[in-house]
1. Mind listing P(r) for the chain? All alpha-carbon pairs, 5 Å bins, whole percents.
2. What value, in deg cm²/dmol to 500, does the helix sum -39500 (n - 2.57) over DSSP H runs of n ≥ 4 give at 222 nm once divided by the residues of the chain?
3. May I ask you to give the percent of accessible area on the chain that is carbon plus sulfur, with a probe radius of 1.4 Å?
4. I need to check one value: relative contact order of the chain, counting alpha carbon pairs closer than 8 Å and at least 6 residues apart, in percent.
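The values are calculated or read from the model by the stated rules, or taken from the named source; none is laboratory data. Not measured: the values here are computed from a predicted model. Keep in mind that these areas ignore ligands, DNA and RNA; they rest on the heavy atoms of the full protein, side chains included. Shrake-Rupley method; radii C 1.70, N 1.55, O 1.52, S 1.80 Å.
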Amino acid sequence: LRKGTTGLTAQAHGRGDTEELRALAVRALGLGALLGSLLLAFRDPLRCLVYTWLSAPDPATSAAADLYYNARTIGGPAALANFGIQGWLLGLQCSSRVLLQQLVLNLSNIMLC
């Protein structure tokens with residue numbers, strides 16, 4: 001999602017096609033939202049599939065894995081939309097904004113821990 005958006009955005013930016021730039025931003029966010037919604041919709045079947053492959057050795061580990069899995073799947077739509085935003089910004093040659101965005105995200109994760 002990120003790399004494909006970067007390439008297409010860079011091409012549109014090079015042509016000066018602002019309409020295509022807007023469309024690419026909407027498509028990237030829409031695709032991220034769609035994939036994230038699918039992740040949420042199939043969260044329980046995916047959990048069963050993953051837990052079939054990886055069995056937890058004890059109940060405490062299983063409980064911790066459940067917490068982590070729930071957090072990652074609930075945050076999936078936002079993470080995927082973030083990939084689209086980052087790809088779009090990189091295609092516009094705004095890598096400093098991507099760095100700032102990553103810095104804010106990482107610092108907020110540190111503060112939440």
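1. Going out from 0 Å in 5 Å bins, the chain shows 2, 11, 16, 17, 15, 14, 11, 7, 4, 2, 1, 0 percent.
2. Working: 6 runs with 99 residues, N = 113.
-29000 deg cm²/dmol, from helical runs alone.
3. Working: 5320 of 7720 Å².
The computed percentage sits at 69.
4. Working: 92 pairs, mean separation 54.0, N = 113.
Relative CO of the chain lands at 48 percent.
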